[in-house]
Amino acid sequence: MSAFDELMTFQRDTGALAQVAGRLGWDQETTMPHGAADQRAEEMAALESVLHARRTDPRVGEWLAAIDAAALDEVGQAQLRHIQRSFTRAGRVSGKLAADLARITSRAHRIWAEARADDNFAAFAPILKDVVALKREEGAALADGGDVYDALLDDYEPGATAQQLSEMFGALRPRLVALRQAILEKPAPKALSGTFDDAGQMALARKLAEVFGYDMARGRVDKAVHPFSSGSGDDVRITTRTNPLDPFNCIYSTIHETGHAAYEQAIAPGYRFTPLGEGVSMGVHESQSRIYENQLGRSRAFTGWLHRQMQAQFGDLGLSAEAFYASVNAVQNNYIRTESDEVQYNLHVLLRFDLEQALISGDLSVDDLEAAWNERFAADFGFAVDKPSDGVLQDVHWSAGLFGYFPTYSLGNVYAGCLHKALRQAVPDLDAQMAEGDLSAATGWLRETVQRHGGLYHPRDVIERACGTAPSEVPLLEYLEAKFGALYDL
């Protein structure tokens, strides 16, 4: 067996163990008994120790040194590139630090959930301090003298820097603020009203997941506090949540997570358990969930079909199809990022991006985080946060130690804007198909141009190959201004 074959055999076992760790995380969010939290933290820490030992195993370095990269094909070279990067990064983080992070973030998740339910940031702050301290330590180790936040960001969007993203987001912000202000001066559309039962919402959620190409034979839809997608290959699971007064929360959370899950299910089977067997970056991943949710799921054509499905499930909605489309796309003051409209969503993300950079650099302390959040929110959105669960406690990410993750949401929106423009050119009768609830051409194009490649290409290259041009914020802004300009008669 060649050095490359030995390395890939070892890598596939490591990848399989990582999937097991992911399944423990899914269980913790969905069905794990409340009293099992401390035991689960120890289980996660133990498994992370095993994974870290494998990722830093000296044999990996020996195999890498023995392989002639020039003799490998494109796939082999991509595998080698990912493994070398992972080995270098893992070698900079001690086994103790890796285990400590797994243990503390598992505990922090439980404390965050309780603090969020109680609207008590002070109950979460002490363990968040521990998480931030460990992430600073990890970032410093990974940076090896470079920028600490960039080192953390690189986990989610390889090759990106905070400076690059700040420039892109700086171009987004003024036009989004101007669009938001113009819209909010117009009359609000009529809102959907009524009570929508849990069982009906979940039945519709599962139907929508399948309409958007999710293979239920290799997945499942469950409920969680914070919707997410987990797994890859033949075991990809999604969660959603229900609100009896707001079925759009369930519908669009489900479509969003289906975008993530469809990506993982579509990756070439031969890449399974290898670095190529998962989405190449969170920005590219988010491009899939956002184009599914917004450009497709909130389009006039698709909402016409959705309107009929909802009336079949829940009875008369009291809205015409056109009024329903306007209600789905209503722009209004909202505290919650995950429930935000397309116009304001990125403003929510940029707030978090700036605050977490300040936390990691030490310019902002955890003790001052809630006040800083509330001050920035009032400045950006023009009204005050009413309670911590609508503010600093609304997201799970910081409890999980996911610093550097938030900016990939806005980057994903930018990528989605580019992909949507290219998709419209590739499928000129897209609206006619979506009006019949047929998403196969759209999801098929995304599967072929983006999803099946997994980690084969660099993140920006994935988008450029699909679109024929380098990523830019311009298509997203043009799409938003055209759509909402028509909706609100601007």
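The values are calculated or read from the model by the stated rules, or taken from the named source; none is laboratory data. This is a predicted model, so every value here is computed, not measured. Don't worry about glycine lacking a Cβ; one is built from the backbone with ideal geometry, like all the others, and counts go over all protein chains shown. The accessibility values were calculated without ligands, DNA or RNA, using every heavy atom of the protein model including side chains. Shrake-Rupley method; radii C 1.70, N 1.55, O 1.52, S 1.80 Å.
Below is a table of values for the structure above.
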{"item": "Test result for residue 212, out of contact with any Pro (no Cβ under 7 Å at 6 or more places or on another chain), open to solvent by less than 50 Å² (accessible area, probe 1.4 Å), under 30 Å from residue 116 (Cβ atoms) and in contact (Cβ under 8 Å) with a residue 12 or more places away in the chain", "result": "yes"}
{"item": "Residue match in the stretch 326-335 (condition: surrounded by 22 or more Cβ atoms within 10 Å (Cβ to Cβ) and either basic (Lys, Arg) or not in a loop (DSSP other than H, G, I, E, B) (or both))", "result": "yes"}
{"item": "Test: residue 109 is part of a helix (DSSP H, G or I), in the same structural domain as residue 11 (by the TED database) and in contact (Cβ under 8 Å) with a residue 40 or more places away in the chain", "result": "no"}
{"item": "Candidate set: the stretch 258-306, residues that are within 21 Å of residue 343 (Cα to Cα) and in a loop (DSSP other than H, G, I, E, B); chosen: the one most open to solvent (accessible area, probe 1.4 Å)", "result": "298"}
{"item": "Hey, residue 355 outside any loop (DSSP other than H, G, I, E, B), open to solvent by 10 Å² or more (accessible area, probe 1.4 Å) and either of a type in the set (Phe, Trp, Tyr) or farther than 30 Å from residue 190 by Cα (or both) or not", "result": "yes"}
{"item": "Residue, nearest to the chain's Cα centre (by Cα), within the stretch 173-183, restricted to residues that are open to solvent by less than 70 Å² (accessible area, probe 1.4 Å) and in contact (Cβ under 8 Å) with a residue 40 or more places away in the chain", "result": "176"}
{"item": "Within the stretch 403-434, considering residues that are in contact (Cβ under 8 Å) with a residue 60 or more places away in the chain and assigned to a loop (DSSP other than H, G, I, E, B), the one surrounded by the fewest Cβ atoms within 10 Å (Cβ to Cβ)", "result": "405"}
{"item": "Complete set of residues in the stretch 358-377 that are open to solvent by 40 Å² or more (accessible area, probe 1.4 Å), part of a helix (DSSP H, G or I) and farther than 27 Å from residue 227 by Cβ", "result": "361, 367, 368, 371, 375"}
{"item": "Check on residue 384, in a loop (DSSP other than H, G, I, E, B), out of contact with any His (no Cβ under 9 Å at 6 or more places or on another chain) and either surrounded by fewer than 24 Cβ atoms within 10 Å (Cβ to Cβ) or at pLDDT 95 or above (or both)", "result": "yes"}
